[in-house]
Amino acid sequence: MSERNYPATRLRRLRRHGFLRELVREARLAPADLIYPVFVLDGRGRREPVVSMPGVERRSIDLLVEHARAAVDLGIPALALFPVIDPVRKSADAAEAWNPDGLVPRAVQALKSALPQLGVITDVALDPYTSHGQDGLIDADGYVQNDLTVAALVRQAVCQARAGADVVAPSDMMDGRIGAIRKALEREGLVNTAILAYSAKYASAFYGPFRDAVGSATNLGGAGKHSYQMDCGNSDEALHEVAQDLAEGADMVMIKPGLPYLDIVRRVKERFGVPTFVYQVSGEYAMLKAAAQNGWLDERAVVLETLLACRRAGADGILSYFALDAAGYLQG
Ligand code: PBG
């Protein structure tokens with residue numbers, strides 16, 4: 001638009017009144033756009049705060065079901081389940097990950113029977129289960145071995161799907177895992193289990209508080225995940241990852257983290273036009289929460305602004321630890 005149109009064009013005209021801003025708003029946010037990530041513990045009547053994520057708690061299954069009911073009442077369609085595994089059940093081969101009586105299958109069954117309308121998304125990755133905290137099975141040098149890990153992930157995903165998970169979400173970044181999981185689900189007759197692929201998951205420092213929450217930080221020590229998660233400088237590579245996962249049978253794709261990677265969300269949505277999700281991760285939560293607790297940011301305003309920014313970038317839905325708060329703001 002050239003300056004010569006002024007004053008015929010005054011862009012401020014449509015900003016003057018709330019009703020006009022409302023009418024011409026391009027992107028919108030609703031509770032139905034939100035997925036709520038939650039942490040589950042063993043035991044009964046147990047709840048523990050996550051210190052690096054003020055306001056977030058790990059809950060035993062009984063308390064989680066009650067909490068999930070609040071999410072349903074607020075119009076949140078699904079939650080994403082992350083287990084806190086007892087250290088004695090962790091091992092080098094992560095076998096607890098496909099124990100049909102394990103924490104995740106039991107949590108899925110409890111949630112689905114109490115709240116059948118609530119979608120349950122399970123995380124396919126070995127890090128809560130490995131004694132070394134990596135997302136896969138390592139060799140003598142600590143390198144995560146791709147194909148052996150994929151075989152383990154297939155067992156884990158089938159176990160979750162059999163327990164009733166509606167969506168399995170591989171967050172491990174191994175090559176070929178989507179195709180292998182899809183094939184196994186078909187073979188098992190689990191043809192309607194959807195796959196939400198963490199297609200473009202970056203080796204980000206914003207996952208720190210999550211690793212505290214599930215207790216994998218200590219196991220991991222100083223080791224990183226750079227040999228499988230994506231390099232933060234790459235963007236074309238994210239398109240390559242998404243193309244690959246779609247070709248292998250992913251129903252939906254995800255970009256992670258959120259706010260620092262919205263350029264990737266935009267490119268993926270424009271290129272592929274498939275259901276695209278973004279994860280506002282633990283470090284993003286911690287950052288906003290800390291500033292809000294200090295009185296430096298208006299929590300409600302920044303939460304709604306960041307989530308709307310994800311929608312504007314092209315995300316169909318957002319995983320956010322603020323999901324309950326945000327749904328409450330939107331309804332209130
Ligand atoms: C691990 C996993 C991670 C998250 C979800 N699944 C952390 C990691 O890759 O180390 C991070 C979520 C968050 O930070 O909120 N498979």
Confirm whether L259 is free of Cβ contacts under 8 Å to residues at least 60 places away in the same chain, within 16 Å of the ligand (Cβ to nearest atom), open to solvent by 50 Å² or more (accessible area, probe 1.4 Å) and over 30 Å from E186 (Cα atoms).
yes
Considering only segment 192-236, state which residues are surrounded by fewer than 16 Cβ atoms within 10 Å (Cβ to Cβ) and acidic (D, E).
D231, D236
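Pick from A70, A114, A95, A80: which is modelled with pLDDT of 95 or more and crowded, with 18+ Cβ neighbours inside 10 Å?
Details: A70 fails: crowded, with 18+ Cβ neighbours inside 10 Å; A114 fails: crowded, with 18+ Cβ neighbours inside 10 Å; A95 fails: crowded, with 18+ Cβ neighbours inside 10 Å.
Among A70, A114, A95, A80, only A80 is modelled with pLDDT of 95 or more and crowded, with 18+ Cβ neighbours inside 10 Å.
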Exactly one of L288, L324, L319 is modelled with pLDDT of 95 or more and either of a type outside the set (A, V, I, L, M, F, W, C) or more than 17 Å from the chain's Cα centre (by Cα) (or both), and that one is L288
Failed condition for L20, given (1) under 26 Å from the mean Cα position of the chain (by Cα); (2) open to solvent by less than 40 Å² (accessible area, probe 1.4 Å):
(1)
In contact with a Lys or Arg (Cβ under 6 Å, 6 or more places away or on another chain), under 17 Å from P100 (Cα atoms) and more than 16 Å from the ligand (Cβ to nearest atom) - does that describe any residue in segment 152-175?
yes
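Quick check: anything in segment 313-326 away from the ligand (no atom under 16 Å from the Cβ), open to solvent by less than 20 Å² (accessible area, probe 1.4 Å) and farther than 22 Å from V50 by Cβ? Spell out the reasoning first.
Residues of segment 313-326 away from the ligand (no atom under 16 Å from the Cβ): 313-314, 316.
Cutting the leftovers down to open to solvent by less than 20 Å² (accessible area, probe 1.4 Å) gives us 313-314.
Applying the additional criterion that residues be farther than 22 Å from V50 by Cβ yields 313-314.
Yes.
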Could you grab the pairs with beta carbons closer than 6 Å, sequence gap of 6+ or different chains, first residue in segment 182-210 and in a helix (DSSP H, G or I) and within 16 Å of the ligand (Cβ to nearest atom), second one open to solvent by less than 30 Å² (accessible area, probe 1.4 Å) and among the hydroxyl-bearing types (S, T, Y)?
P209/S282; F210/S282
Of the residues that make up segment 143-155, is at least one of a type in the set (D, E, K, R) and either out of contact with any helix residue (DSSP H, G or I) (no Cβ under 6 Å at 6 or more places or on another chain) or over 28 Å from S227 (Cβ atoms) (or both)?
yes
Filter segment 116-146 down to the residues that are closer than 28 Å to N192 by Cα, among the hydroxyl-bearing types (S, T, Y) and in a loop (DSSP other than H, G, I, E, B) and list them by number.
Y129
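Check I121, I138 and return the single one that is under 21 Å from I178 (Cα atoms), more than 14 Å from the ligand (Cβ to nearest atom) and either in contact (Cβ under 8 Å) with a residue 24 or more places away in the chain or surrounded by 21 or more Cβ atoms within 10 Å (Cβ to Cβ) (or both).
On inspection, the qualifying residue turns out to be I138.
The values are calculated or read from the model by the stated rules, or taken from the named source; none is laboratory data. What you are looking at is a predicted structure, and each value in this text was computed from that prediction instead of being measured. We place every Cβ from the backbone using ideal geometry, glycine too, and count neighbours over all the protein chains shown. With ligands, DNA and RNA removed, areas are computed over all heavy atoms of the protein, side chains included. Shrake-Rupley method; radii C 1.70, N 1.55, O 1.52, S 1.80 Å.
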